[in-house]
Amino acid sequence: MDDFLAARLQMTVSFVFHIVFACIGMTMPWLMFIAELKWIRTGQKVYQDLAKAWAKGVAIFFAVGAVSGTVLSFELGLLWPKFMEHAGPIIGMPFSWEGTAFFMEAIALGVFLYGRNRVNKRIHLISGLVVGISGVISGIFVVAANAWMNSPSGFDWVNGQAINIDPVRAMFNEAWFQQALHMTIAAFASTSFAVAGIHAFMLLRYKENEFHRKAIGISLAIGAIAAILQPISGDISAKNVAKLQPAKLAAMESLFKTSRPASLVIGGIPNEKEEKVEYGIHIPNLLSFLAHGDFNAEVEGLDKTSKDNWPPVPIVHFAFQIMVMMGMLMMGTGILFLIFTFKWKEHLHKRWWLKMLVWLTPAGFIAVEAGWIVTEVGRQPWIIYGIMKTREAVTPMPGIQYPFYMITLIYLMLTFLVFWLMRRQILAIHINPQNSNIHD
Amino acid sequence: MTEFIIFVLGVAILLYVLLAGADFGAGIMELVTGKKGIDTISKAIAPVWEANHVWLILAVVIIFNGFPSVFTTLTIYLHIPLFIVLVGIIFRGTAFTFRYYDTVNGNYNKYYTLLFRISSLFTPFFLGVILGAIILGRIPANVNGTFYDVFIFPWLNLFTFTTGIFLTLLFGWLASVYLIGESSDHETYQTFMKKSRLFLIMLVISGLSIFLLAELYGLSLFRKFAHSALSIGCVVVATAVIPLIWRNIKRRNSLQARLLVGVQAACIVTGWFAVQFPVMIFIADGSQLTIWNSRAPEKTMFLLVIALIIGILLIFPAFAYLFKVFKFDSHNDETIN
């Protein structure tokens, strides 16, 4: 295998794996915190059981997220040393802040998970809150660094060297806010829907079980709000991408020719050779509006970019379609949830509703992965947009396919193990109604 | 500014050795104590290992932010041992967590345990190999050469293997002394103490071997140490505290023993820093990556200093609190429900 391809695939596998744990690590502590808060407020034991059960999930996911994140921080250098040599001084700052946030998260998590009987209730609760806050903050810093790759700023590029470095401007680049917002909401939506789906599955088995009913109540409330907000943040992101990375937007929409007005394509199969989309549904003028807020605006097509600087159009196009489709499904479900909660409560107990939640369990994570593919593959062939090609940054070490195979194998194994462990955890709740754990 | 950053980097590395090192050491202890130590060891490291691990992340971030060429030199030429360390970090962390949290205490525990112990052994070994390669100065100046010359020769030799063994034993020794204080019954205490003695003897032997081998490899560590008053002092203190530590272990003064062994490890790390300073990496052609010629532009360094100061103000009190709750408060509240 080509070393460059192997390096890209290893990075892909590492991100695809880590991002799920990162999302869970950002969201689960909040669910756990809300359950804990409700327990203190209402005194209903079921909430404490819930907080404890979720805490066990958090412990497992956090550990896997922490180690896979460590792997990534090294892989940046192991696979892309040329990139890190230039980017390190420019975007190291958000990473140094992220380090602090992650530290606080790990410390607070230690107190929350193991300190239930050692610290007083208030400190215990606060530690849960600190985990949630610092988790979200770390996520934002990491995404800000990624946004810089899409929208590099805070330096001048002269003869292949970065000069006049300004890390503050680099961190607050033009894409950071949109990306951080979109990613944070995505983390909440995806994790909450997954949690709700799992508890819905259990509720179908153990009817009218308070534990699962309350779990769905908390997680879907968060998930519904996130899923309804996400299209708004998506719209902000689309306009940002249209401005900063027109080639990425053109690939997402498979817009080969610059058009005024441009129509939105839904679905379809892009044909790069003949530069057209087959079987897609075209909605006139809509892309102009979505990209620029004007139904008659010109939208830049791929023809404005020389063909050797095109991202892989079909991958970006399909990933974008999948992300939007999943997002829409979740938004619809979120709206239904709110309607049912305030009116027609009886529907929340119907089998079809629970079954639908079960089907949507992976939807958010599929959207997250697809969205990440849009961002990363859509930027290709650049690693720093318009500045440095990904190929230039790759490590000179040959034989990268071997670490790639190993990482893939290890992560496949871990994925399987985590699924299996979670299954055991969840089933154990019913085998032993005390929800016991020898450790707490 | 650069000095301050290097100082924080040094503290981060030192704390990683003292804390995360002991967590790895706990896994090594399990290898030699078997079933007897498991409960004590699991309980001792569960609440803290993740926070301890973050010192490594802090060190890495400081290096790639403040000294980017040091980071890329390490990641290019020591790719293989670094990758092995990463694999070890993955296995150690996940196997430990899975073992601790698996609801069903079934047969699978033995696989997690095996993985936890093996990765606790080879991860510090390869970390030590990496340190050895940094000291030895066989890292080439460019990638011209065969795969073996560029990517294997710099770290595969008897010297780096000895530094690997030394670091592994140091971690094991640290853990064995820390754990003596956590053992709840006499039998476990006896087991830990025996292993502690074993680690100490082997540690001293491997430490001496490093100095002897260094001469063979044309790396006059003796002379280098003799040049710096600080490093001489460190060696003297690290050796002189051995009988003190041993007496405290025998008398079961676990707190004093822990503090002294911490001082000892700190001396070892500081002694190494004193010899190394201001060089970060010795290159094969005789050139050096120093803290001065590898540092990032001034503005980056300034912002890094600010980030580190605020970070320290947040992290240290929180970290101290974590250790107060789990390591220094009384242990009678380990309730089982």
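The values are calculated or read from the model by the stated rules, or taken from the named source; none is laboratory data. From a predicted model like this one, the values you see are computed outputs, not experimental measurements. Positions of Cβ are backbone-derived with ideal geometry, glycine not excepted, and every protein chain shown enters the neighbour counts. Surface areas here come from the heavy atoms of the whole protein model, side chains and all, with no ligands, DNA or RNA. Shrake-Rupley method; radii C 1.70, N 1.55, O 1.52, S 1.80 Å.
When chains A and B come together, the accessible area they lose, probed at 1.4 Å and totalled over both chains, is close to 6600 Å². Across the accessible surface of chain B, with the other protein chains kept in place and a 1.4 Å probe, carbon and sulfur atoms take up 69 percent.
The helix-only estimate of mean residue ellipticity at 222 nm for the protein assembly as shown, built from DSSP H runs of length n ≥ 4 each weighted as -39500 (n - 2.57), is -25000 deg cm²/dmol after division by the residue total. In the assembled protein chains, A:Ser263 presents an accessible area of approximately 40 Å² (probe radius 1.4 Å).
Taking the alpha carbon gyration tensor of the range B:2-111, what are the square roots of 5 times its eigenvalues, largest first, to the nearest whole Å?
Values: eigenvalues 197, 51, 26 Å².
Ellipsoid semi-axes (Å, largest first): 31, 16, 11.
Just how many % of Cα pairs in the range B:2-327 lie over 34 Å apart, if you round to the nearest whole percent? Spell out each step's value before the answer.
Numbers: 12322 of 52975 pairs.
Cα-Cα pairs in the range B:2-327 separated by more than 34 Å: 23 percent.
Here the Karplus relation 6.51 cos²θ - 1.76 cosθ + 1.60, evaluated at θ = phi - 60°, turns the backbone of the range A:278-291 into coupling constants of 9, 6, x, 9, 9, 10, x, 6, 5, 5, 4, 5, 5, 7 Hz, with x for every Gly and Pro.
Of the listed residues B:Leu212, B:Leu58, the order by accessible area with a 1.4 Å probe, largest first, is B:Leu212, B:Leu58. Around the amide H of B:Met280, modelled in the peptide plane, lie the amide H atoms of B:Leu289, B:Thr290, B:Ile291, all under 5 Å away and 5 or more residues distant in sequence or on another chain. Dipole magnitude for the range B:2-327: computed about the Cα centre from +1 point charges on Lys and Arg Cβ and -1 point charges on Asp and Glu Cβ, it is near 860 debye. In the context of the full protein assembly, B:Tyr178 retains an accessible surface of approximately 50 Å², using a probe radius of 1.4 Å and ignoring ligands and nucleic acids.
Could you grab the relative contact order for the range A:149-189? Cα pairs under 8 Å, six or more apart, rounded to a whole percent. Numbers along the way, then the final one.
Details: 29 pairs, mean separation 14.1, N = 41.
With pairs under 8 Å counted, the relative contact order is 34 percent.
For the range B:246-301, go through all pairs of different Cα atoms, get the mean of 1/r, take its inverse, and jot down that Kirkwood value in Å. Please report the intermediate quantities before stating the final value.
Numbers: mean 1/r = 0.0698 Å⁻¹.
Result for the range B:246-301 stands at 14.3 Å.
In the range A:46-128, taking the dipole from charged Cβ atoms about the Cα centre, the farthest positive-side position among A:Gly57, A:Gly69, A:Trp97 is held by A:Gly57.
Put simply, the amide H of A:Val277, placed in the peptide plane, has neighbours under 5 Å in A:Asn271, leaving out anything fewer than 5 places away on its chain.
Can you send over the carbon and sulfur percentage of the accessible area for chain A, probe radius 1.4 Å, protein chains only?
Numbers: 11890 of 17760 Å².
Summing carbon and sulfur atoms, their accessible area is 67 percent of the total for chain A.
Normalised per residue, the accessible area of the protein assembly as shown is 40 Å², obtained with a 1.4 Å probe and no contribution from ligands, DNA or RNA. Whole-Hz Karplus values for the range A:218-223 come out as 5, 5, 6, 4, 5, x Hz, taken residue by residue from phi with 6.51 cos²θ - 1.76 cosθ + 1.60 and θ = phi - 60°; glycine and proline positions read x.
Dipole magnitude for the protein assembly as shown: computed about the Cα centre from +1 point charges on Lys and Arg Cβ and -1 point charges on Asp and Glu Cβ, it is near 2300 debye.
For chain B, what is the relative contact order in percent, using Cα pairs closer than 8 Å and at least 6 residues apart in sequence? Please report the intermediate quantities before stating the final value.
Details: 422 pairs, mean separation 80.7, N = 337.
Relative contact order for chain B comes out at 24 percent.
Which one of B:Leu219, B:Gly88, B:Ile63 has its Cα pushed farthest toward the positive end of the charge dipole of chain B, where Lys and Arg give +1 and Asp and Glu give -1 at the Cβ? The one lying farthest along the dipole's positive direction is B:Leu219. Find which of B:Ala51, B:Gly181, A:Ile407 sits farthest along the positive direction of the dipole of the protein assembly as shown, computed with +1 on the beta-carbon of Lys and Arg, -1 on that of Asp and Glu, about the Cα centre. Of the listed residues, the answer is B:Gly181. Shielding by partners for peptide B:307-316, expressed as the average number of C-beta atoms from other protein chains within 10 Å of each residue's C-beta, is 4.
List the trypsin sites (Lys or Arg not before Pro) within the range B:1-53 that fall in a DSSP loop (any state other than H, G, I, E or B) and whose Cβ has at most 13 other Cβ atoms within 10 Å. Could you put the intermediate results ahead of the total?
Details: sites: B:Lys35, B:Lys36, B:Lys43; in loops: none.
For trypsin sites (Lys or Arg not before Pro) across the range B:1-53 that sit outside H, G, I, E and B with at most 13 neighbouring Cβ atoms in 10 Å, the list is empty.
HN-Hα J couplings of the range B:232-249 from phi, Karplus 6.51/-1.76/1.60, θ = phi - 60°, integer Hz, Gly and Pro as x? Ordered by residue, 3J(HN,Hα) equals 4, x, 4, 4, 4, 5, 4, 7, 5, 6, 3, x, 4, 4, 5, 5, 5, 5 Hz. Solvent-accessible surface (1.4 Å probe) assigned to A:Met388 amounts to roughly 10 Å².
A straight chain from B:Val237 to B:Asp185 at 0.36 nm per residue would run longer than the Cα-Cα distance by 15.5 nm. For peptide A:394-402, the mean count of partner chain Cβ atoms within 10 Å of a residue's Cβ comes to 4. Computed about its Cα centre, the charge dipole of the range B:179-255 is approximately 200 debye, with only Lys, Arg, Asp and Glu carrying charge at their Cβ. In the range A:102-118, burial by the other protein chains removes 20 Å² or more of accessible area from A:Phe102, A:Phe103, A:Met104, A:Ala106, A:Ile107, A:Gly110, A:Val111, A:Tyr114, A:Asn117, A:Arg118, compared with the chain on its own (1.4 Å probe, ligands and nucleic acids ignored).
Classification of the range B:206-255 by its C-alpha gyration tensor yields an oblate form. The axis ratio a/c (a ≥ b ≥ c) is 1.5 or more, and b/c is at least a/b.
When the P(r) is computed for the range A:156-209, the part past 15 Å accounts for 69% of the Cα-Cα pairs.
Residues A:Leu336, B:Leu158, B:Leu303, sorted by accessible area with the largest first, give B:Leu158, A:Leu336, B:Leu303 [1.4 Å probe; ligands and nucleic acids excluded]. Between B:Phe211 and A:Lys243, the distance separating the two model label sites (each 7 Å from Cα on the Cα→Cβ line) works out to 6.5 nm.
With no solvent and one point on each alpha carbon, what is the Debye value of log10 I(q)/I(0) for the protein assembly as shown at q = 0.05, 0.07 Å⁻¹? Once normalised to I(0) and log-transformed, intensities are -0.27, -0.53. The label-point distance for A:Arg423 and A:Leu409, in a model that sets each label 7 Å from Cα toward Cβ, rounds to 2.3 nm.
What chymotrypsin sites (Phe, Trp or Tyr not before Pro) does the range B:1-70 have in DSSP loop regions with at most 14 other beta carbons within 10 Å? Walk me through the numbers before you get to the answer.
Values: sites: B:Phe4, B:Phe7, B:Tyr16, B:Phe24, B:Trp49, B:Trp55, B:Phe64; in loops: none.
Sites meeting the loop and neighbour criteria: none at all.
With all protein chains in place and ligands, DNA and RNA left out, the 1.4 Å accessible area ranks B:Trp155, B:Trp246 as B:Trp246, B:Trp155, largest first. Computed as a quarter of the hull surface, the mean projected area of the alpha carbon convex hull for the range B:146-287 stands at 9.8 nm².
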